[in-house]
Amino acid sequence: MNSQQPRALWASRLGFVLAAAGSAVGLGNIWKFPYIAGLNGGGAFVLVYLLCIALVGLPILMAELMIGRHTRRDAVGAFIALEGRKSFWTCTGWISVTAAFIILSYYSVVAGWTLDYIYRAVAGSFSGQSPEAVEGLFGRLIADGPRQLFWHLLFMLLCLAIVIGGVQKGIERWSKILMPLLLFLLVLLFVNGMLSDGAREGLIFMFRPDFARLTPASVLEALGHAFFSLSLGMAAMITYGSYLSREENLFSAGLRVALLDTGIALMAGLAIFPIVFAVGLEPAAGPGLIFQTIPVVFSRLPGGYLLAIVFFLLLAFAALTSAISLLEAQVAYLIDEKGWGRKRASGFFAGLAFLVGIPTALSYNLLADWQIIGSLNFFDSLDLIASNYLLPVGGLLVALYVGWMWKGSEEKAELLSGGAGPVYPVWHFLIRYVAPLAVAVILYFKLEETGLVAWLLSLFGA
Ligand code: PFF
């Protein structure tokens, strides 16, 4: 461990909340949450999602922050400090840092698409075009390897520039600039949505409770998304917690992060759907919604030129503050465990993530036929491994460790310092029983759904 320098801390509570909320608020809030809410029963789903955040997400978020704050180390070092190098629990740190690395490598490629769309929005590529032409732009982008590599490189350099600046002068400073800007842009789009002709339809799509559509699968979807959305299981929150002052109330800090994350996801829906309905389109999912439907909407709306720029800037800011938390989680490992300097550590992992991102950027063109898991290309395989398996496994281990293994008095003292004591009994119950059970259920269904077991068996010729 690098003991020469005192550990950096966040300069203020606001700085921490904005940095952690920056990690949580990402592409998932904008392109996934609104859509799954609309499809799975609107208000009924939103209600279930809020319960998942409160009963599973927030307790695990607090547990990750506690581990980081208690040990003042990166995610791998934290478990070494708690249980020793040879302990089984150290694999929790490894799994989460690996997940952070894998996710950063492709998150950066997707974030690169948002940069490309800022450029197109500024160049006015959407206006005066037929819907087919506007939709076709996305297909042209993912068919163009070099173009994606250029934006991927640029995005990674932006992350690198911020993380090299360090905890206070890089991450905290930029979160304090980017998050308020993001909020401001979102409020603009939200007001625009609420004033549009589709406001009523948008509100109905997202909020009218339709319990008939709320299936057990929707509940799982809500749980899985709550987990991804709060950046859990990926070393990011353990690392950010390691820079948190012991005076800080972990419950109220975590609550603020969860509220911002959820509030922004809800607002994103109310910014997007009203305008989609206003021009008579149907909402699509994921990348199709963001890179095809929305640009068509902007090409038809008055003021669409400016709105498009605002929207893609918003997406890029959301992606950037998430990506820096992923990079920091890895950089902290090299600094804390290997004694590397911040510059070298940041350059190393940003460079490596760039390299691993190359086949991702080529996954829909040059390497489209390269199938890794089943019929999945490189990009989809990485996403499957990281978000479906590593993330829930990492989160489950954190919940089990903090709920069952961590010596009671230490864990209680950790929560008490900073004054979150009154919530201890409730939190303890949730982290011991509710959270591990819920994450185990997600994991089981992911394994079944994606056929990993069948794939493993096929490898052995069974
Ligand atoms: N929470 C981000 C989102 O909702 O898009 C994704 C993410 C970022 C997950 C950072 C994990 C992480 F460490």
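Rounded to the nearest 10 degrees, the inclination of helix 58-71 to the longest alpha-carbon principal axis of the chain is 50 degrees.
With θ taken as phi - 60° and the Karplus curve 6.51 cos²θ - 1.76 cosθ + 1.60 applied, the whole-hertz 3J(HN,Hα) list for segment 126-137 is 8, 7, x, 9, 6, x, 5, 5, 5, 5, x, 4 Hz, x standing for glycine and proline. Computed from backbone phi, the HN-Hα couplings of segment 314-322 come to 4, 4, 5, 5, 4, 5, 5, 5, 6 Hz, rounded to whole numbers (Karplus: 6.51 cos²θ - 1.76 cosθ + 1.60, θ = phi - 60°; Gly and Pro given as x).
Beyond 31 Å, how much of the Cα-Cα pair distribution for the chain remains, as a whole percent?
On the way: 42467 of 106491 pairs.
Counting pairs separated by more than 31 Å, the tail of P(r) holds 40 percent.
The count of lysine pairs in the chain whose Cα atoms are under 20 Å apart, excluding pairs fewer than 8 places apart on the same chain, comes to 4. Helix 216-229: angle to the longest alpha-carbon principal axis of the chain, degrees 0 to 90, nearest 10? So the helix axis and the longest Cα principal axis differ by about 70 degrees.
The 1.4 Å probe gives accessible areas that order 337, 135, largest first, as 135, 337.
Label segment 161-247 by shape, choosing from rounded, prolate and oblate, from the square roots a ≥ b ≥ c of the eigenvalues of the Cα gyration tensor; if a/c is under 1.5 it is rounded, and otherwise prolate applies when a/b is larger than b/c, oblate when it is not. The shape class here is oblate.
Beyond 28 Å, what share of the Cα-Cα pairs of segment 262-408 remains, rounded to the nearest whole percent? Walk me through the numbers before you get to the answer.
Numbers: 4807 of 10731 pairs.
Here the tail beyond 28 Å accounts for 45 percent of pairs.
Scanning residues 5 or more positions from residue 198 or on other chains, those with amide H under 5 Å from its amide H are 278, with H placed 1.01 Å from N in the peptide plane.
As a test of the formula, what do you get for the chain when each DSSP H run with n ≥ 4 contributes -39,500 (n - 2.57) and the sum is divided by the residue count, at 222 nm and rounded to the nearest 500 deg cm²/dmol? Don't skip to the end; give the middle numbers.
Values: 22 runs with 316 residues, N = 462.
One gets -22000 deg cm²/dmol as the mean residue ellipticity at 222 nm.
Starting from segment 205-248, pick out the GluC sites (Glu not before Pro) whose DSSP state is loop and whose Cβ has at most 16 other Cβ atoms within 10 Å. Walk me through the numbers before you get to the answer.
On the way: sites: 221, 247, 248; in loops: 247, 248.
Those satisfying the criteria are 247.
In the chain, a dipole from Cβ-located charges (positive for Lys and Arg, negative for Asp and Glu) runs towards its positive end, and of 154, 89, 422 it is 422 whose Cα lies farthest in that direction.
The values are calculated or read from the model by the stated rules, or taken from the named source; none is laboratory data. Please read these numbers as outputs of a predicted model, since none were measured by experiment. Positions of Cβ are generated from backbone atoms using ideal geometry, with glycine treated the same way; all protein chains shown enter the neighbour counts. We work out accessible area using only protein heavy atoms, side chains counted, and drop any ligands, DNA or RNA first. Shrake-Rupley method; radii C 1.70, N 1.55, O 1.52, S 1.80 Å.
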